[in-house]
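Please treat every number below as a calculation from the coordinates, not as lab data. Every value quoted in this text rests on a predicted model; they were computed, and no experiment measured them. Neighbour counts run over all protein chains shown; Cβ positions are idealised from the backbone, glycine included.
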Amino acid sequence: MWNTVDYNNTSESLWKRGLKWLYPGMGVKRWILLMILGAALAGSGIAILLGPDILVAFGRSVTHYLRVLGQPGKTPLVKETGIALAIVGFVIAGIGFRQVIKSLVVDLLPTDPKDLADIIFHKRGLDKEPAMVVIGGGTGLATLLRGLKYETEKITAIVTVADDGGSSGRIRSELGIPPPGDIRNTLVALANTEPLMEQLFQYRFDWGEGLQGHSFGNLFIAAMTDITGDFEEAIRTSSQVLAVRGRVLPSTLTSVTLRATYADGSSTTGESVIPQSRKPIYRIQLEPENCEPVEEAIAAINAADAIILGPGSLYTSVLPNLLVREIGNAVVTSKAPKIYICNVMTQPGETDGYKASHHVRALLDHVGPGLIDYVIVNTSPIPETLLERYRLEGAIPVEPDVYAIASLGVTPITAPVISMTNLVRHDSQKLAEVISQVLWENSPSQGGPLAKSQRHP
């Protein structure tokens, strides 16, 4: 009985939904009729060209007309009539079809309907795009993603949640949720939406009791977490609002704290505090050490065509993700090319005096051999005026000691990958181009390790 009622209701619902297309103001009825007329004319024209015998079903009047046209001396007229009707029919049907499509998408597309073909072409090509996993945090990760999102939409960004300073730290301590700051920066970097929306998410209050210092995006993610009851769901919802290309995932949902042990044996706790000691870092670890990873992050790493580490703070942005044990192990065992993007400048309190090989060695020592296949190091010279500014802050360029890198079993890739304004930073487009070149050289067509049969034996 229940099934019968449900079926009847479903049929009635479908019938009513179908009738809605005929409602006034829908803007499609005339064009549908035009399509039908065009198709009828085109069919008649083709039928004339093929001969009168196939038109018997159309009725005696049509057959009689065609036979008259087919009398000796009038055969060319038959062909001309058929061609004319076919052409006119196809034109009319094409106009009707175009207008129907336009009517359907004009209110649904966030862009100009004229770009529909480009959108469809792009979407159809997604299966051919490489699946990339990018691991890191901070502004360095955001910089990379701004360029990489135009190379592929199959991006999964795995972001650290060890931040305990600023707006993120306050939200973390007061609301008991993972710090949203690095997540917010990553979402904005991958966004494909209006600039105003990006500005809104990055807006930071400099006034208001309790609001001062907070980012609107951080508050939004916190609010969505409370509404949905789930931090991951809050990220997914925020991704929809910003029309994000790809996915953004936290490395863990466990409340973790970063602990540093210095070369002199002393230690301190807290991501924001660690660089302040200005001591050489010997070891970094998560507390608790046995934190659980986000399962989607592990699945993304296992299915990746490329894994990219950094750029970003070595000890407080990149390593915290890899110290989630299962994430680090998944990267090590992956057959995909693993690329580390080395920082351009040393970071006071974290990597003072570090060369590129020191960055690589720190990663290998913490996680294990096999973590990195390639390291991208900058070779573009930096103007003396900018260097002087950084020296005052205690930062110097990271030396690309390629032979020392190679001795660690890692292939160095040297390239001019920075953009210089008033700051020395990676250029998102240059980085994306270098990464794409590495992937092309490792593609199946080049005999590289990206073939799925090799990645997933």
(message) Give me, ordered by chain and number, the residues 5 or more places off TYR340 or on other chains with an amide H under 5 Å from its own placed amide H.
(response) LEU309, ASP373, TYR374, VAL375, ILE376
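Ranking ARG361, ARG278 by Cβ neighbours within 10 Å, fewest first, what do you get?
ARG278, ARG361
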(message) With the cut-off at 28 Å, tell me which of the pairs LYS355/LYS430; LYS279/LYS335; LYS149/LYS338; LYS279/LYS430; LYS154/LYS279 have Cα atoms farther apart than that.
(response) LYS279/LYS335; LYS279/LYS430; LYS154/LYS279
(request) For a label point 7 Å from the Cα of GLN276 along Cα→C-beta, name the residues of the range 137-164 whose backbone N is under 13 Å from it. (result) 164
(message) Using Cβ contacts closer than 10 Å as the measure, can you line up ASP163, ASP373 from fewest to most?
(response) ASP373, ASP163
(request) Pull up all non-local amide H partners of GLY312: gap of 5 or more, or a different chain, and H-to-H distance under 5 Å with H placed in the peptide plane. (result) ASN343
(request) May I ask for the distance between the Cα centers of the range 123-200 and the range 346-419, given as a whole number of Å? (result) 23 Å
(request) Would you mind calculating the gained length between PHE90 and GLU129 on full extension (0.36 nm times residue separation, minus the Cα-Cα distance), in nm to one decimal? (result) 10.4 nm
(message) Could you give each residue of the range 185-191 its phi-based ³J(HN,Hα) in whole Hz, using Karplus coefficients 6.51, -1.76, 1.60 with θ = phi - 60°, and x for Gly or Pro?
(response) 4, 5, 4, 5, 5, 8, 5
(request) Please go through the range 374-446 and write out the GluC sites (Glu not before Pro) that DSSP classes as loop and that have at most 14 other C-beta atoms within 10 Å. (result) GLU393
(request) List, in order, the whole-Hz ³J(HN,Hα) value for each residue of the range 271-281 obtained from phi through the Karplus relation with A = 6.51, B = -1.76, C = 1.60 and θ = phi - 60°; use x for Gly and Pro. (result) 4, 6, 8, 3, x, 5, 5, 6, 10, x, 7
(request) Please list 265-276, 204-215, 314-325 highest first by mean number of surrounding beta-carbon atoms within 10 Å per residue. (result) 314-325, 265-276, 204-215
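Using the count of nearby Cβ atoms within 10 Å as a rough guide to exposure, how do LEU386, LEU363 rank from fewest to most?
The order, fewest Cβ neighbours first, is LEU386, LEU363.
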(request) Starting from the amide H of ASP427, placed 1.01 Å from N in the peptide plane, find each other amide H under 5 Å away whose residue is 5 or more places distant or on another chain. (result) ILE418, SER419
(message) Can you give the Rg/Rh ratio of the range 166-312, where Rg is from the C-alpha atoms and Rh is the Kirkwood radius?
(response) 0.99
